[in-house]
Amino acid sequence: MQQQQQPAAKELHSNQLAMQVVRRLSKRLQKRQQAESGATAADLIQMVRHEAVACAGRDPVDAVSQNACRRVLKILREEAVHSLGASAQLLSSLQNNLFSERPIDYSQVKADSLRDAVSAAIKELSLELETSLDDLRSHGAAHIGENEVVLTLGYSHSVARVLQTAAATRKFQAIVCDSGPNFSGSRMLQLLKTVPQIDASLITDAHAFAVMSRVHRCLLSAQTVFADGGLRAECGTHGLLLAAKRHSVPVLVCTPAHKLAPAYHSVERANVYLNPACLLEENLSFAEVHCPKYDLVPPGLVTLFVTNLGGLAPAHLHRCLAEQYHQDDYSIDAGEADGDA
Amino acid sequence: ELKMLPTDSKQRSGKEKQQKEKQSLPASSAQEGKSAAQLRAERRELQERQRAAKLQKQQEQKQAGGGKGGSKTSNPSNKAEAGSKKSAEQKQSAPIPTSADKKAQSSKLAPPGDTHQQQQAANKKKSPPPQQQQQPADSSVKSLPSFFRHLKPPMDAEQITSSVYNEQFAQSQIEAAFVQLSLMVAHEQLQGPAARCLGLARALRQLLCTVPVQDLPRLIKPKLDPNMRLLRSAKPPTVLESYLEQRLANWVQSAGSSAENSDHWLVDRMNEFVIEQIEKARVTMRASLKSKINNLDCIMLYKPSSLIFECLEDIVSEGTKMPDVRIILLDSPPSWEGQAFLRRLQGHRLLSKCPVRYAMLSAAPSLLSDTSKLVLEGQALTANGNVLAPVGTAYLANVAWSHRIPCLVLCHACQTWDQVLIDSVSYNELGRVSSDSQLCNIQYDLTPGDLVTALITERGVLPCTGSPVPSH
């Protein structure tokens, strides 16, 4: 198999980013618990929520850090509920949230009582994040058949792993779409060319509709998955998905579960715009250049989300959300971009 | 060790070979202390050799003309050994295998009964296009998607000029104009649907001048044939070019029956054709397009040619009636025609009236909320009502259709084609890319007729179903 590529200092895989955030939070939680003897669960929760707001402020496009904070919050809340000695009724579940009798008062719970349980749970979370990309690839590889043509867009670590795993037991063709202004497709092509069972070729995304009649699967990745099935993905994904829809080609989006954000898709979600100089030379700068890094893809175009927890239909994303994050943490306010506005 | 190797009834015939191969194992591995991995590797090699030997036997039995079968099987068996050795050494920097190589590797996984059929298929794959076998096994060589491998790779200038001097054309005289035209066509210097036709007309004029008028009907065809062959070897003809050829043949035929007096009657006819069918048609199309563009419109353009440029000039010179028209210009590699259009616009008075926005084709969906209409140019209208256009047009038309943006396609009336196409794969051309690029560049794609709102021709504004039905 392909050697592990050492990521550059700036280029962290999403799970590494999430793990960083979790580590940072756990250190701060420990410090807080040691420093203040009278700290309660409510204080800890507030601290983590502030961290989530800070993450959003640093990088509005990055949903992974916020999601990591949400996972830690869920751990805190769950452990607090356990330690309140509450019966099974008060444990959060869809049904029980509707019928619960009174809101849980986290300031009743002392931080000391939570310490061991929370650190154990955070260790589990770190382990899950670390192995998320490995778990994902076995789930995705099952959907690629022998001698099929798979279309993908740009460079994605998850998709590369899924393709390599599939190539271990069957041979197929991979067509990589290279779309501006990112042009990461050649990097993916170089990687796929080293895998002997994959017949890899590179096209521009202008060709996407032309080749789509011969494509069996579209395998893509996303930067963020929204709760209604919309995506924030590399620029060019939207056009490609529309072409796939026209030709009824199944679209698989391979993302680890920590990219799932509890917010609805909207074209006004945060986006990054790249330097126009990457496209145009200076004397042509009389034109207004529009080069977004990401596409905000509306829901309804994806067949299946392949996550480290398994394949997930778009209609069941809310279930995955409910298991990962606590409902009170869906919207973290104070001006962050990905809240449930 | 013999006991550990798989023994089934099919391989008993190869057992003698097995024993011989056991003896021919390299001495070094027998002497060194064998690790488990080495044992496995040796076993795999043996299995591979057995299978190859068995296949060879079967092939020799089946193919009576032993020579052909022998050469074909020796190749796959060599490659099978090479393939297994490589995998045994676990080299990940393996070069791109040809199709036969891949079949041999996959034969390791398939049950022995299937490998014969796969080997046959591999042999069939190896016989036609020679360019596949000439590709060096090198990861820097790009590979096309399998469904495009029937397309001819684009010709170089050197290939064209050398073919002029080689046996094919040595006996006939090729006009300099045609050589020049072929070179320009091969290097894709003629953009836009009418440009190649005008180029052909120009070259034809030069050719016709060399033929004396009295001998024209007799001499024109043999003179024309080698020139057209050269041109076609550079690129297949566009619809307009074929139309011009067809008309030329008709004129020559009709002239044979009645005596024409004027000296340059054929050249006159051709000039008339160019004026009527191309230049006047353009004027009419520009007027039609202008009538479809309203105030405050934002027009999205993709691969616009001079026709659209002139139309924009018309609009802007309208002055007070249409003060606010905006342009969104989309572009895509490797031809970057949008940037060429921008260079034309640079310093032009158009810009003062008509602000331009530039984006890559991939950003089109995000810009559609701003757009009023999409204007594209078509290369040909197929007989079943689809539009053949420069690659990317179908992508864009589909995106616009999903967002309910009208899509207008400019097309000459004589660009209707009698071919029937349903996808972009069966008829296409390979385009030129820079030598260090790994991109597979296709020239055309097929836009389904229902994605096009209206077809603007000089005969009127039609739906795509207005294509003439070919009479069979």
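Does at least one position in segment A:228-237 carry a residue that is of a type in the set (S, T, N, Q) and touching a Leu at 6+ places or on another chain (Cβ under 9 Å)? Please lay out each step first, then the result.
Pass one, segment A:228-237, residues of a type in the set (S, T, N, Q): A:237.
After this cut, where a residue has to be touching a Leu at 6+ places or on another chain (Cβ under 9 Å) as well, the list is A:237.
Yes: segment A:228-237 contains one or more residues that are of a type in the set (S, T, N, Q) and touching a Leu at 6+ places or on another chain (Cβ under 9 Å).
Consider only pairs whose beta carbons are under 9 Å apart and that are at least six residues apart or on different chains; among these, list those whose first residue lies in segment B:357-372 and is within 7 Å of chain A (Cβ to nearest Cβ) and touching a residue at least 40 places away in the same chain (Cβ under 8 Å) and whose second residue is buried (at least 24 other Cβ atoms within 10 Å of the Cβ) and among the hydroxyl-bearing types (Ser, Thr, Tyr).
B:Leu361/A:Ser179; B:Leu361/A:Thr204; B:Leu361/B:Tyr302; B:Leu361/B:Ser332; B:Leu361/B:Tyr395; B:Ala364/B:Tyr302; B:Ala364/B:Tyr395
Is at least one residue of segment A:248-262 open to solvent by 10 Å² or more (accessible area, probe 1.4 Å) and within 11 Å of chain B (Cβ to nearest Cβ)?
The answer is no, given that none of the residues of segment A:248-262 is open to solvent by 10 Å² or more (accessible area, probe 1.4 Å) and within 11 Å of chain B (Cβ to nearest Cβ).
Taking A:Thr307 as the residue in question, decide whether it is touching a His at 6+ places or on another chain (Cβ under 9 Å), closer than 22 Å to A:His157 by Cα and among the hydroxyl-bearing types (Ser, Thr, Tyr).
On the way: touching a His at 6+ places or on another chain (Cβ under 9 Å): yes; closer than 22 Å to A:His157 by Cα: yes; among the hydroxyl-bearing types (Ser, Thr, Tyr): yes.
So A:Thr307 passes the test.
Test of understanding: among B:Ala394, B:Ala380, which residue is under 17 Å from the mean Cα position of the chain (by Cα) and over 30 Å from A:Leu231 (Cα atoms)?
Criteria check complete, one pass: B:Ala380.
For segment A:279-300, name all the residues that are at the interface with another protein chain (Cβ under 8 Å from one of its Cβ atoms) and among the polar types (S, T, N, Q).
A:Asn283
Specify the residue that is nearest to B:Val185 (Cα to Cα); the eligible residues are those in segment B:443-472 that are part of a strand (DSSP E or B) and either away from chain A (no Cβ under 14 Å) or touching a His at 6+ places or on another chain (Cβ under 9 Å) (or both).
Step one: list which residues in segment B:443-472 are part of a strand (DSSP E or B), which gives B:444-447, B:454-457, B:460-462.
Keeping just the survivors that are either away from chain A (no Cβ under 14 Å) or touching a His at 6+ places or on another chain (Cβ under 9 Å) (or both) gives B:445, B:454-457, B:460-462.
Working: B:Asp445: 19, B:Ala454: 30, B:Leu455: 26, B:Ile456: 26, B:Thr457: 25, B:Gly460: 30, B:Val461: 30, B:Leu462: 30 Å.
If we take residues in segment B:443-472 being part of a strand (DSSP E or B) and either away from chain A (no Cβ under 14 Å) or touching a His at 6+ places or on another chain (Cβ under 9 Å) (or both), then B:Asp445 is nearest to B:Val185 (Cα to Cα).
Only one residue in B:Ala287, B:Ala281, B:Ala249 is modelled with pLDDT of 90 or more and open to solvent by 50 Å² or more (accessible area, probe 1.4 Å). Which one? Step through it out loud before you land on a result.
Numbers: B:Ala281 fails: open to solvent by 50 Å² or more (accessible area, probe 1.4 Å); B:Ala249 fails: modelled with pLDDT of 90 or more.
Going through B:Ala287, B:Ala281, B:Ala249 in turn, the sole match is B:Ala287.
Just checking, which of A:Ala41, A:Ala68 is open to solvent by less than 60 Å² (accessible area, probe 1.4 Å), among the small types (Gly, Ala, Ser) and in contact with a His (Cβ under 8 Å, 6 or more places away or on another chain)? Can you show your working first?
Values: A:Ala41 fails: in contact with a His (Cβ under 8 Å, 6 or more places away or on another chain).
Of A:Ala41, A:Ala68, the one residue that is open to solvent by less than 60 Å² (accessible area, probe 1.4 Å), among the small types (Gly, Ala, Ser) and in contact with a His (Cβ under 8 Å, 6 or more places away or on another chain) is A:Ala68.
What number of residues within segment B:347-356 are over 16 Å from B:Asp314 (Cβ atoms) and either more than 10 Å from chain A (Cβ to nearest Cβ) or surrounded by 13 or more Cβ atoms within 10 Å (Cβ to Cβ) (or both)?
Step one: filter segment B:347-356 for residues over 16 Å from B:Asp314 (Cβ atoms), giving B:347, B:355-356.
Those left that are additionally either more than 10 Å from chain A (Cβ to nearest Cβ) or surrounded by 13 or more Cβ atoms within 10 Å (Cβ to Cβ) (or both): B:355-356.
Residues meeting the conditions: 2.
Taking the residues in segment A:177-234 that are in a strand (DSSP E or B) and open to solvent by 10 Å² or more (accessible area, probe 1.4 Å) as candidates, determine which candidate is nearest to B:Ser437 (Cα to Cα).
So the first thing to find is which residues in segment A:177-234 are in a strand (DSSP E or B), and the list is A:177-178, A:198-204, A:217-220, A:224-226, A:231-234.
Keeping just the survivors that are open to solvent by 10 Å² or more (accessible area, probe 1.4 Å) gives A:178, A:199, A:217, A:234.
On the way: A:Asp178: 12, A:Asp199: 17, A:Arg217: 25, A:Glu234: 22 Å.
Per the criteria, the residue is A:Asp178.
So, of the residues in segment B:381-417 that are in contact with a Pro (Cβ under 7 Å, 6 or more places away or on another chain) and of a type in the set (Val, Ile, Thr), which turns out to be nearest to the other protein chains (Cβ to nearest Cβ)?
Restricting to residues being in contact with a Pro (Cβ under 7 Å, 6 or more places away or on another chain) and of a type in the set (Val, Ile, Thr), the top hit is B:Val399.
From the residues in segment A:279-317 that are in a helix (DSSP H, G or I) and farther than 24 Å from A:Ala142 by Cα, which one is farthest from the chain's Cα centre (by Cα)?
Within segment A:279-317, the subset in a helix (DSSP H, G or I) is A:282-284, A:314-317.
Applying the additional criterion that residues be farther than 24 Å from A:Ala142 by Cα yields A:282-284.
Numbers: A:Glu282: 36, A:Asn283: 39, A:Leu284: 37 Å.
By that ranking, first place goes to A:Asn283.
If I filter segment B:431-442 down to residues being open to solvent by 40 Å² or more (accessible area, probe 1.4 Å) and not basic (Lys, Arg), which single residue comes out as nearest to the other protein chains (Cβ to nearest Cβ)?
So the residue we want is B:Asp436.
From the residues in segment A:263-278 that are away from chain B (no Cβ under 12 Å) and in a loop (DSSP other than H, G, I, E, B), which one is farthest from A:Ala18 (Cα to Cα)? Give the steps one after another, and end with the answer.
Of the residues in segment A:263-278, the ones away from chain B (no Cβ under 12 Å) are A:263-266, A:270, A:272, A:275, A:277.
Next cut, in a loop (DSSP other than H, G, I, E, B) only: A:263-266, A:270, A:272, A:275.
Numbers: A:Ala263: 18, A:Tyr264: 21, A:His265: 22, A:Ser266: 24, A:Ala270: 19, A:Val272: 20, A:Asn275: 27 Å.
Here the residue is A:Asn275.
The values are calculated or read from the model by the stated rules, or taken from the named source; none is laboratory data. Keep in mind that this is a model prediction, so the values were computed, not measured. Quick reminder, even Gly has a Cβ in these numbers, built from the backbone with ideal geometry, and neighbours come from all protein chains shown. Ligands, DNA and RNA are stripped out before the accessible areas are found, and what is left, the full protein with its side chains, is counted by its heavy atoms. Shrake-Rupley method; radii C 1.70, N 1.55, O 1.52, S 1.80 Å.
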